[in-house]
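The values are calculated or read from the model by the stated rules, or taken from the named source; none is laboratory data. Please read these numbers as outputs of a predicted model, since none were measured by experiment. Heads up, the Cβs are rebuilt from the backbone with ideal geometry, glycines too, and the neighbour counts pull from every protein chain shown. Keep in mind that these areas ignore ligands, DNA and RNA; they rest on the heavy atoms of the full protein, side chains included. Shrake-Rupley method; radii C 1.70, N 1.55, O 1.52, S 1.80 Å.
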Amino acid sequence: MACRSRIVPLVRHASTAGLLRAARVTCPGPSAGILRCLTSAPTRQFRASARLGGQFTTDSYPEIKRDPRFAQITADHVTFFRGLLGKDSAIVDGVTADVAADDMEPYNGDWMRKYRGHCRLVLKPGSTEEVSQILKYCNDNLLAVVPQGGNTGLVGGSVPVFDEIVISTGRMNQIRSFDEVSGVLVVDAGVVLEVADQFLAEKGYLFPLDLGAKGSCQIGGNVSTNAGGLRLLRYGSLHGSVLGLQAVLPNGRIVDDLCTLRKNNTGYDLKQLFIGGEGTIGMITAVSIQCPQRPKAVNVAFLGADSFEKIQLAFREAKSQLSEILSAFELMDSYSQDMVHRVRQSKRPLDGEHPFYCLIETSGSNSEHDAEKLEKFLEDVMSRDIIADGVLAQDETQIKSLWSQREGITECVGHFGGTYKYDVSIPLKDLYRLVDETRERIEAAGLKGDTDEFPVVEVVGYGHMGDCNLHLNVAVRRYDKRVEEVLEPFVYEWIGKINGSISAEHGIGIAKKKYLGFSKNETMIDLMGQLKKLYDPNGIMNPYKYI
């Protein structure tokens, strides 16, 4: 994408009550000529060093007891796995040998430093067949396991609790095939999301999922948690785009359903049990997925508004006026943007500050058509005082920079020590009310302040407004029981009363296990329990989690 030679902001024109004023330039580009000087930002990476430390999950959740059915791992078990996998690099063995903390801890803890297990053995199979043999042996010997991909989750779903064996998909990282006509991609579960998307970019296609953690998360984990991401508004959920998968049941039986057809109406759609199943009934080893063509024209605008009500109006107008080219509508409050600025010490996209911000992305095939539609939309929402100010990116570097204002929130909020994260779905009219009421409770309890004596730094809200998906984050200097008691079960009770969902896209894991009843009735929970017992009668798959 070519950079234009001039840059100007979206500004108010006094004589026309807020009409958009833009400088016209002849240099070609994907978007209208309206922006400020911006800087680029790298993809967020989750490094092992960021995961080290933290309290053991068994200390944080003392009510969880080790299942007495499960065997202790012995040297004989390790010998079997060594013989199966055939190379030392495929095993991290803390059972029969001393292992450096840096080698084991990345598998034992999460990147938020909130969950930490006692795993002493990590297995890294290189194929579905090896996963099958591992699980059959573990099932026969009652050895509990935890499937693990990039370990970028937020609810402790991919982290062991006790001494479960971690089965990492890191070595299963091959792109198996891609049909350049149909757009169907078949990949191993351990392929990193960004690697898959870069591969597709060379073919003119796009992976239908985009996350802030795309540089570390793996596709098998994305599917296992039914990750939603930044562009679900345009491309839908993985329940729709995943065409087939390959998985291994606890008894070692391979479920080979790597269908590459969009239409396959032949009985029960069993793959859906594994999408969002969090590895509780089997381990996904490969995925086939429908990928859309990569848009040739991408525009990104970053806008400020004076109230949440005006953000809602902007969203309604975006759906109406941008229609088929609208690919993302992201919500951010001023507190989240203050955090990004505070941590990065970078220039803000807008000169002034506003209570709420939104990032709008359009994607299409005709740059002139898309730019014209976006310009008309911006003129309309500014002339009607729905939007107070904004910037429009002019090239790919600036697009990435604007997106970093949204994608960088997670990392910046966690900068101070930790984060209590609530990924929830709420009817749009009530979406931000939960943030306000949570902040009021925290402040009333005397837990929020600017000095180290206060555990809470700030309460922020942001998320995928196009999907009614709110990320309520409480940034803390340290995890504190007093904070937890103010937050839980309040947040879940609040959501239950308005018929929301306690988990929009990150799953249940261990964090939300005891609150599942706020989103699922007894019949639904009972049916899930029956499925678990049917496929995993010994309970070895990802135990102690939500089911």
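Values as computed for the structure displayed
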read-out	value
Options Asp380, Asp351; residue that is in a loop (DSSP other than H, G, I, E, B) and more than 25 Å from Asp210 (Cα to Cα)	Asp351
Filtered residues of the stretch 271-283 (kept if in contact with a helix residue (DSSP H, G or I) (Cβ under 8 Å, 6 or more places away or on another chain) and either part of a loop (DSSP other than H, G, I, E, B) or open to solvent by 10 Å² or more (accessible area, probe 1.4 Å) (or both))	Gln272, Leu273, Phe274, Ile275, Gly276, Gly277, Glu278, Gly279, Thr280, Ile281, Gly282
Unique match (being among the acidic types (Asp, Glu), farther than 16 Å from Gln321 by Cα and buried (at least 19 other Cβ atoms within 10 Å of the Cβ)) among Glu396, Glu407	Glu407
Flag if Ser89 is open to solvent by less than 30 Å² (accessible area, probe 1.4 Å), of a type in the set (Gly, Ala, Ser) and outside any strand (DSSP E or B)	no
Failed item in (1) in contact with a helix residue (DSSP H, G or I) (Cβ under 7 Å, 6 or more places away or on another chain); (2) under 20 Å from Thr260 (Cα atoms), with Asn173 passing the rest	(1)
Tally, over the stretch 64-79, of residues that are under 24 Å from Ser158 (Cβ atoms) and either assigned to a helix (DSSP H, G or I) or touching a residue at least 12 places away in the same chain (Cβ under 8 Å) (or both)	10
Among (1) modelled with pLDDT under 95; (2) open to solvent by 50 Å² or more (accessible area, probe 1.4 Å); (3) of a type outside the set (Lys, Arg), the one test that Val25 misses	(2)
Residue in the stretch 509-529 that is out of contact with any helix residue (DSSP H, G or I) (no Cβ under 6 Å at 6 or more places or on another chain), assigned to a loop (DSSP other than H, G, I, E, B), open to solvent by less than 20 Å² (accessible area, probe 1.4 Å) and not small (Gly, Ala, Ser) present	yes
Close pairs (6 angstrom Cβ cut-off, 6 or more residues apart or separate chains): part of a loop (DSSP other than H, G, I, E, B) and modelled with pLDDT of 95 or more in the stretch 105-132, surrounded by fewer than 22 Cβ atoms within 10 Å (Cβ to Cβ) and of a type in the set (D, E, K, R) anywhere	His118/Asp163; Arg120/Asp163; Lys124/Arg171; Gly126/Arg171
Only listed residue being over 26 Å from Leu142 (Cα atoms) and assigned to a helix (DSSP H, G or I), chosen from Glu493, Glu505	Glu493
Options Asn226, Asn251, Asn264; residue that is at positive phi, open to solvent by 30 Å² or more (accessible area, probe 1.4 Å) and either part of a loop (DSSP other than H, G, I, E, B) or without any contact (Cβ under 8 Å) to a residue 60 or more places away in the chain (or both)	Asn226
Neighbours by Cβ (under 6 Å, 6+ apart or cross-chain): first from the stretch 196-222, touching a residue at least 60 places away in the same chain (Cβ under 8 Å) and within 21 Å of Leu154 (Cα to Cα); second assigned to a helix (DSSP H, G or I) and among the basic types (Lys, Arg)	none
Conditions (1) out of contact with any strand residue (DSSP E or B) (no Cβ under 8 Å at 6 or more places or on another chain); (2) on the phi > 0 side of the Ramachandran plot: number failed by Arg113	(1)
Residues that are open to solvent by 90 Å² or more (accessible area, probe 1.4 Å) and among the acidic types (Asp, Glu), drawn from the stretch 427-452	Glu440, Glu443, Asp450, Asp452
In the stretch 297-341, the residues that are out of contact with any strand residue (DSSP E or B) (no Cβ under 9 Å at 6 or more places or on another chain) and farther than 29 Å from Leu206 by Cβ	Glu309, His341
Flag for Asp389 being open to solvent by 70 Å² or more (accessible area, probe 1.4 Å), within 24 Å of Asp306 (Cβ to Cβ) and touching a residue at least 12 places away in the same chain (Cβ under 8 Å)	no
Test result for Asn499, open to solvent by 60 Å² or more (accessible area, probe 1.4 Å) and at positive phi	yes
Test for Tyr462: is it in contact with a helix residue (DSSP H, G or I) (Cβ under 6 Å, 6 or more places away or on another chain), crowded, with 21+ Cβ neighbours inside 10 Å and under 26 Å from Phe377 (Cβ atoms)	yes
Test for Leu243: is it farther than 20 Å from Ser89 by Cα and in a loop (DSSP other than H, G, I, E, B)	no
Members of the stretch 514-546 found to be closer than 24 Å to Leu270 by Cα and under 21 Å from the mean Cα position of the chain (by Cα), listed by number	Leu516, Ser519, Asn542, Lys545, Tyr546
Residue in the stretch 473-489 that is free of Cβ contacts under 8 Å to residues at least 12 places away in the same chain, over 22 Å from the mean Cα position of the chain (by Cα) and over 14 Å from Lys114 (Cβ atoms) present	yes
Of residues in the stretch 145-171 being open to solvent by less than 10 Å² (accessible area, probe 1.4 Å), touching a Phe, Trp or Tyr at 6+ places or on another chain (Cβ under 6 Å) and assigned to a loop (DSSP other than H, G, I, E, B), the one farthest from Gly279 (Cα to Cα)	Val161
Subset of the stretch 341-366 [within 17 Å of Lys400 (Cα to Cα) and open to solvent by less than 40 Å² (accessible area, probe 1.4 Å)]	Ser346, Pro349, Leu350, Tyr357, Cys358, Leu359, Ile360, Glu361, Thr362, Ser363
